[in-house]
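S.K.: Have a look at this one.
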Amino acid sequence: MRKPPIHKSFLNAFRGVFLMLIHERNFQIEVLAFFVNLFLIFYLKLSAIDAALVLIVSFGVLAAEIFNTAIEKICDIIQPEFDKRIGFIKDISAGAVILMAVASVIIGILVYCKYI
């Protein structure tokens, strides 16, 4: 199979983010939190390092949610019926998202407390 041109690859990737935004409630909430962070970065005039930390963990949460959703969708295709093993896979995938979210809250507290 030939690789698509690079612009097609980028379009496919952005389509994937758009599909997440339309279909996944948790992703919508996390994107809202991302925009709140963007607002706070400019409103509180965060230093470049503090802004970078906030952006890194914000994008980390979004990426973790995308990976989690991909894993869940694959599991649903492989085993549409309830299976304890698939449940375990889905739980640990969701666990990665919650760990990243907790890390982002901790970093947010550490960064924003200097500015408030």
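S.K.: Can you put Glu72, Glu30 in order of accessible area, largest first, using a 1.4 Å probe?
M.R.: Working: Glu72 60, Glu30 35 Å².
The ordering from most to least exposed comes out as Glu72, Glu30.
S.K.: What is the chain's relative contact order, in percent, from Cα pairs under 8 angstrom and six or more apart in sequence?
M.R.: Numbers: 53 pairs, mean separation 32.6, N = 116.
Relative contact order, the chain: 28 percent.
S.K.: At 1.4 Å probe size, what's the solvent-accessible area of Val102? Round to the nearest 10 Å².
M.R.: We get 80 Å² for Val102.
S.K.: Can you tell which of Ala94, Ala103, Ala13 shows the greatest fluctuation in a Gaussian network model of the chain with Cα springs below 10 Å?
M.R.: Among Ala94, Ala103, Ala13, the largest GNM mean-square fluctuation belongs to Ala13.
S.K.: From the backbone phi of region 34-48, what are the Karplus-calculated ³J(HN,Hα) couplings (6.51 cos²θ - 1.76 cosθ + 1.60, θ = phi - 60°) in whole Hz, Gly and Pro given as x?
M.R.: 4, 5, 4, 5, 4, 4, 5, 4, 7, 5, 8, 6, 5, 5, 4
S.K.: Follow-up question, since we're still on this one. Go through Ile77, Ile66 and list them by solvent-accessible area, largest first, probe radius 1.4 Å.
M.R.: Numbers: Ile77 135, Ile66 55 Å².
Sorted descending by solvent-accessible area, the residues read Ile77, Ile66.
S.K.: Decide, for region 1-41, between rounded, prolate and oblate: order the square roots of the alpha carbon gyration tensor eigenvalues as a ≥ b ≥ c, take rounded if a/c falls under 1.5, and otherwise choose prolate if a/b is larger than b/c, else oblate.
M.R.: Working: a/c = 5.32, a/b = 2.11, b/c = 2.52.
Judged from the Cα gyration tensor, region 1-41 comes out oblate (a/c at least 1.5, b/c at or above a/b).
S.K.: Let's test the formula: R0 of 41 Å, r as the Cβ-Cβ distance of Tyr112 and Lys8. What FRET efficiency results, to the nearest 0.05? Provide the component values of the computation, followed by the final result.
M.R.: Numbers: r = 40 Å, r/R0 = 0.97.
Once rounded, the FRET efficiency stands at 0.55.
S.K.: Dividing the alpha-carbon radius of gyration of region 54-116 by 2.2 N^0.38 Å (N being the number of residues), what value is obtained?
M.R.: Numbers: Rg = 15.1 Å, N = 63, 2.2 N^0.38 = 10.6 Å.
Working it through for region 54-116, the quotient is 1.43.
S.K.: Could you work out the longest stretch of the chain that avoids the trypsin sites (Lys or Arg not before Pro) located in DSSP loops with at most 16 other Cβ atoms within 10 Å? List each step's numbers first, then the result.
M.R.: Details: sites that count: Arg2, Lys45, Lys114.
With trypsin sites (Lys or Arg not before Pro) excluded where exposed in loops, the chain gives 46-113 as its longest stretch.
S.K.: With the cut-off at 1.5 for a/c, could you classify the chain from its C-alpha gyration tensor as rounded, prolate or oblate? Walk me through the intermediate numbers first.
M.R.: Numbers: a/c = 2.76, a/b = 1.50, b/c = 1.84.
Since a/c reaches 1.5 but b/c is at least a/b, the shape of the chain is classed as oblate.
S.K.: Explain nothing, just the number: dipole magnitude of the chain about its Cα centre with +1 on each Lys and Arg Cβ and -1 on each Asp and Glu Cβ, in debye rounded to the nearest 20.
M.R.: Computed about the Cα centre, the dipole is about 420 debye.
S.K.: Now for a separate question. Determine which aspartates and glutamates satisfy two conditions relative to Lys84: a Cα distance under 14 Å, and not lying fewer than 8 residues away in the same chain.
M.R.: Glu72, Asp76
S.K.: Would you mind working out the accessible area per residue for the chain, using a 1.4 Å probe, and quoting it in Å²?
M.R.: On the way: 8680 Å² over 116 residues.
Accessible surface, normalised per residue, equals 75 Å².
S.K.: Of all the accessible heavy-atom surface of the chain, with the other protein chains kept in place and a 1.4 Å probe, what percent is carbon and sulfur? Don't skip to the answer; put the middle values down first.
M.R.: Values: 6480 of 8680 Å².
Percent of accessible area from carbon and sulfur atoms in the chain: 75.
S.K.: Related question: Please list 3J(HN,Hα) in residue order for region 15-28, calculated via the Karplus relation 6.51 cos²θ - 1.76 cosθ + 1.60 where θ = phi - 60°; whole Hz, with x for glycine and proline.
M.R.: 4, x, 5, 4, 4, 4, 5, 7, 9, 10, 4, 4, 5, 4
S.K.: Scan region 52-116 for chymotrypsin sites (Phe, Trp or Tyr not before Pro) in coil per DSSP, keeping those whose Cβ has at most 11 other Cβ atoms within 10 Å, and list them by number.
M.R.: Details: sites: Phe59, Phe67, Phe82, Phe88, Tyr112, Tyr115; in loops: Phe82, Tyr115.
Those satisfying the criteria are Phe82.
S.K.: A further question on this structure: What 222 nm value per residue comes from the helices of the chain, counting each DSSP H run with n ≥ 4 as -39,500 (n - 2.57) and dividing by all residues, nearest 500 deg cm²/dmol? It would help to have the intermediate numbers written out before the result.
M.R.: Details: 4 runs with 97 residues, N = 116.
Rounded to the nearest 500, the figure is -29500 deg cm²/dmol.
The values are calculated or read from the model by the stated rules, or taken from the named source; none is laboratory data. For clarity, every value in this text was computed on a predicted model and none was experimentally measured. Neighbour counts run over all protein chains shown; Cβ positions are idealised from the backbone, glycine included. Surface accessibility is based on the protein's heavy atoms, side chains included, excluding ligands, DNA and RNA. Shrake-Rupley method; radii C 1.70, N 1.55, O 1.52, S 1.80 Å.
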